[in-house]
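The values are calculated or read from the model by the stated rules, or taken from the named source; none is laboratory data. These numbers come from a predicted model, not from an experiment. Reconstructed Cβ throughout: ideal geometry from the backbone, glycine too, with neighbour counts over all protein chains shown.
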């Protein structure tokens, strides 16, 4: 009985093993075939259709290169790229968020890029800086994401303000006046608690470095950041901003159209959304303005996305050619036309197409004052801690002092491995 | 004797399954235990010599990590409230459906089981509408009763209860089917005998139904406990752990540390603690049942 049962089972297993080995051999045979491997290109978010168009143009120019595009949603992109790196499955060319560039540089996953002096000059300097690490350009800026004020002009003028705010105190006064004039579900400002951008922008505006010069320790208890954090928390304290995260913003556009929101700190992707989702009668009623600063028009973030060439790519020259093509002024203009993504090159902004749009004027002015976040690979994690502690403080779960102390502690711990790797540069220890 | 001399049929029948369990279950557990003694992270991913053996440092840090304690409290809150609710909801519906006078038992079984087989993401989209603070159905019903609207997912105190309500609604059908199976296996003659002896409905439930359902209770209890401790998809889809970390679960924290930040050493330590919690929970249940 036992004999009869074992034999067929064994035979089955052996058969499977043979099939499995044959499969492996077949696979190896395929992958060792040289030439004509297509260039893989990972694009993030909704740029897909426009990119297909651009890639077609690129392939017409260089007929010997075949490009395969893969679209990845932003929400999964960071994980997916890191997983691809861990699994040695990186694409030849990929899009990265500018704030991720230091991370991929630390991994050695991206190839440094060269730019001529004239090309360098054409880029907005803050944007070029945000994609560079240790002075080397690691990814080609592709489009810009900076934050500024979207506001309702009619609400402001009904309260007696004819121009948007340029300083924090003006901004505060306008919001308080509007809060007092409007009852019900009105909120003067929408600044989702789930975003790290606003507290960081306010901090950088008041001169906070966030980390020390070498990026070894947190500096969130510095007087400059403390002042900005206090301003930020007061927005919620005084009932000016809505206490809510991204998940609650389900009726944002209806609320903006209905006059229940006066200010919204957000980025260029909302230009298109506002055009699409707000009634045409509001065109010209909503407007954009440069971020107000502590004493005058303030800086904002040099965010955006860039194109990187993978250092494990076997066809770097073709990959570089693709990146170079994508960053040409003509390509950037095509991208803007199709998606509204703002070009990182000054020359493209002098195109009549961009000059004609009133809401873009504030963006153009803002781009002269944009700053990069600290260039440590741990930045995304640090940003998530900023969100956590800012939200807890805004919700009265801890005081501002406790939040900043806790934030510095957590950030110091996040940077401990970096300190170990940079032991020489961090020797001074923790200065007051 | 045959077993000792040479592998029997039983051995060969069990062997493939044991091999699979060993490779896909025991090995990963051992590997993650070893991983939890290292500081495997992004830097180690880039270069192997950046990997350090740090002993119990990850576990020491767990004790000082405010986020871990929040996740721990949230998860226990979810289990303590959600598991009994889910089990009692399934028992109640099972008892109702199993009544002999109920027509279309199969229909009700299917209807109540449907949420279990629906994808959570689709369910979450619908529930997000139900929970919407201004235009949601739940707040509309509350307003009819003259109750102030609740910001279900946005209020830190309401977010977890909201997830619990949704999770119970989604999962009770599974246990209900188990309870129905348990109820069907109780011989009718016991109830008939009890009726002859003059026992009322409640007396019958207490003396016949409950004791004879004990094995089902053990199974349902353990499966629910294990499932609820691994709370992940609900907060991941509905709240991303917010507001201010009040729906962050241990499994979600582990996922974020491991796959968002790539701190695999630390994530392994978190997962091992979760493993120990579930293991001890299961043991306690089995001990209680054995008494």
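Screening residue B:146 against (1) out of contact with any helix residue (DSSP H, G or I) (no Cβ under 8 Å at 6 or more places or on another chain); (2) part of a helix (DSSP H, G or I); (3) more than 11 Å from chain A (Cβ to nearest Cβ) leaves a single unmet condition, (2). Selection over region A:79-99 of residues that are within 12 Å of chain B (Cβ to nearest Cβ) and either closer than 25 Å to residue A:53 by Cα or assigned to a loop (DSSP other than H, G, I, E, B) (or both) gives a count of 4. Of the residues making up region A:376-396, those that are facing chain B (nearest Cβ under 10 Å), touching a helix residue (DSSP H, G or I) at 6+ places or on another chain (Cβ under 7 Å) and either surrounded by 22 or more Cβ atoms within 10 Å (Cβ to Cβ) or not in a loop (DSSP other than H, G, I, E, B) (or both) number 10.
Residue A:94 falls short on exactly one of the conditions (1) touching a strand residue (DSSP E or B) at 6+ places or on another chain (Cβ under 8 Å); (2) under 21 Å from residue A:301 (Cβ atoms); (3) modelled with pLDDT of 90 or more, and that condition is (2). Of B:215, B:243, all but one fail to be more than 16 Å from the chain's Cα centre (by Cα), farther than 27 Å from residue A:81 by Cβ and buried (at least 17 other Cβ atoms within 10 Å of the Cβ); the exception is B:243.
Per-residue answers, yes or no, for (1) out of contact with any strand residue (DSSP E or B) (no Cβ under 9 Å at 6 or more places or on another chain); (2) not assigned by TED's automatic domain parsing to the domain that holds residue A:311:
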site: A:123; (1), (2): no, no
site: A:130; (1), (2): no, no
site: A:142; (1), (2): no, no
site: A:171; (1), (2): no, yes
site: A:176; (1), (2): no, yes
site: A:181; (1), (2): yes, yes
site: A:184; (1), (2): yes, yes
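Could you please let me know if residue A:99 is closer than 26 Å to residue A:349 by Cβ, surrounded by 21 or more Cβ atoms within 10 Å (Cβ to Cβ) and in the same structural domain as residue A:325 (by TED's automatic domain parsing)? The answer is yes for residue A:99. Out of curiosity, is residue B:1 more than 25 Å from the chain's Cα centre (by Cα) and modelled with pLDDT under 90? For residue B:1, the condition - more than 25 Å from the chain's Cα centre (by Cα) and modelled with pLDDT under 90 - is met. Take the conditions within 14 Å of chain A (Cβ to nearest Cβ) and either touching a helix residue (DSSP H, G or I) at 6+ places or on another chain (Cβ under 8 Å) or touching a residue at least 24 places away in the same chain (Cβ under 8 Å) (or both) and apply them to residue B:194. Does it pass? So residue B:194 does not fit the description; no.
When you check residue A:428 against the structure, is it over 27 Å from residue A:133 (Cβ atoms) and modelled with pLDDT under 90, yes or no? Here the answer is no, as residue A:428 does not meet what is asked. Within region A:188-198, at least one residue is closer than 17 Å to residue A:262 by Cα and within 14 Å of chain B (Cβ to nearest Cβ). The condition of being more than 14 Å from chain A (Cβ to nearest Cβ) and in contact (Cβ under 8 Å) with a residue 12 or more places away in the chain holds for only one of B:280, B:271, that being B:271. Does at least one position in region A:186-204 carry a residue that is surrounded by fewer than 22 Cβ atoms within 10 Å (Cβ to Cβ) and over 28 Å from the mean Cα position of the chain (by Cα)? Scanning region A:186-204 turns up at least one residue that is surrounded by fewer than 22 Cβ atoms within 10 Å (Cβ to Cβ) and over 28 Å from the mean Cα position of the chain (by Cα). When the residues of region B:14-53 are filtered to those that are over 24 Å from residue A:406 (Cα atoms) and in contact with a strand residue (DSSP E or B) (Cβ under 9 Å, 6 or more places away or on another chain), the one that is farthest from the other protein chains (Cβ to nearest Cβ) is B:37. Within region B:102-120, the set of residues being over 17 Å from the mean Cα position of the chain (by Cα) and assigned to a helix (DSSP H, G or I) comprises B:105, B:106, B:107, B:108, B:109, B:110, B:111, B:112, B:114.
No other residue among A:360, A:367, A:322, A:332 is buried (at least 21 other Cβ atoms within 10 Å of the Cβ) and within 20 Å of residue A:290 (Cβ to Cβ) apart from A:367.
For region A:242-266, taking the residues that are under 22 Å from residue A:388 (Cβ atoms) and in contact (Cβ under 8 Å) with a residue 60 or more places away in the chain, the one that is surrounded by the fewest Cβ atoms within 10 Å (Cβ to Cβ) is identified as A:243. Taking region A:291-315 as the search range and keeping residues that are in a loop (DSSP other than H, G, I, E, B) and crowded, with 24+ Cβ neighbours inside 10 Å, which one is modelled with the highest pLDDT? Once the filter is applied, the top-ranked residue is A:291.
Restricting attention to region B:229-253, the residues that are more than 14 Å from chain A (Cβ to nearest Cβ) and either part of a loop (DSSP other than H, G, I, E, B) or closer than 30 Å to residue A:104 by Cβ (or both) total 7.
Considering (1) touching a helix residue (DSSP H, G or I) at 6+ places or on another chain (Cβ under 8 Å); (2) farther than 22 Å from residue A:297 by Cβ, the lone condition that residue A:135 does not fulfil carries the number (1).
A single member of A:399, A:373 is exposed (fewer than 14 other Cβ atoms within 10 Å of the Cβ), under 18 Å from residue A:226 (Cα atoms) and more than 12 Å from every other protein chain (Cβ to nearest Cβ), and it is A:399. Scanning region A:316-328 for residues that are assigned to a helix (DSSP H, G or I) and either within 20 Å of the chain's Cα centre (by Cα) or closer than 20 Å to residue A:361 by Cβ (or both) yields A:323, A:326.
Out of the residues in region A:245-259 that are at the interface with chain B (Cβ under 9 Å from one of its Cβ atoms) and over 13 Å from residue B:132 (Cβ atoms), state the one that is modelled with the highest pLDDT. Filtering first and then ranking leaves A:245. Checked against (1) under 29 Å from the mean Cα position of the chain (by Cα); (2) over 30 Å from residue A:391 (Cα atoms); (3) surrounded by 12 or more Cβ atoms within 10 Å (Cβ to Cβ), residue B:13 passes all but condition (1).
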